[in-house]
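Below is one structure; the comments refer to it alone.
The values are calculated or read from the model by the stated rules, or taken from the named source; none is laboratory data. These numbers come from a predicted model, not from an experiment. Because the Cβ atoms are built from the backbone with ideal geometry, glycine has one as well, and the counts that use them run over all protein chains shown.
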Amino acid sequence: MGKTGKLFEELVSIMEKLRSPEGCEWDRKQTHESLKPYLIEECYELIEAIDKKDDEMMKEELGDVLLQVVFHSQIAKERNAFSIDDVVEHLNSKLIRRHPHVFGDSSGYSYKQWEDIKAQEKGKKKSSRVGEINPLVPALSMARRIQENAAQVGFDWDNIEGVYEKIEEELEELKKVRSTDEAEEELGDLLFSIVNLSRFLGIDPESALRKATRKFVERFRRMEEMIERDGLVLEELSLRELDEYWNRAKGGDEE
């Protein structure tokens, strides 16, 4: 057994010990349901590490995500449902099965072939080429994935100019709405078009929005500090005064 196998076995043993009567009280109390928020949190912390291009942070967060996999598998083993061995075995089989162009006699990668294999695995007669909607996936990521699937079969804009035109069209339609329901629909169309633009630019919309939000928060905090240093109260300033401080805070982006 190589180093990786030994280390993984040690990890599984550690989790078994933590869940045992002689283990940790907190770990013993956890369930699949109670661990859900931790799994989500760890995934987003990993995404943050990737965005920061911080290898040390990424190494740590990948470990935390792996911990969640081992944790859930141990709980399932105690229920006599499945074990970490079953999880890995199932994953290995699926990877080989879904890549016949690598492990079989298929001539090359085919999106249609990939979707057909998935459909067969799930017991479906036919799989939609556009994919399925998972209501738990963030909306921007879901829109990007759906668009990518549609583009795989040729349903896409010929060039980025068409995307820009569509955004302008959707923005004009949004300006003409007369009700909240209409506004919601047209705003959704506009956002969907902007996701298309991000795809053409090779940018993940979730990542872009996170960075923009983080930048706003940093500038706002910088503005608050400036106002406080000047002995003023933010809530008592006019919009014009706030704009002046905001512009000064923006200047600090280059520092």
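Looking at the range 210-242 only, could you name the residues that are closer than 30 Å to Leu140 by Cα and among the charged types (D, E, K, R)? Talk me through it step by step, then tell me what you get.
Of the residues in the range 210-242, the ones closer than 30 Å to Leu140 by Cα are 210-223.
Arg210, Lys211, Arg214, Lys215, Glu218, Arg219, Arg221, Arg222, listed by residue number.
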Note down all Cβ pairs under 6 Å where the first residue falls in the range 163-184 and is in the same structural domain as Arg144 (by TED's automatic domain parsing), the second is among the polar types (S, T, N, Q) and assigned to a helix (DSSP H, G or I), and they're at least six residues apart or on different chains.
-> Val163/Asn196; Lys166/Ser193; Ile167/Ser193; Glu170/Ser193
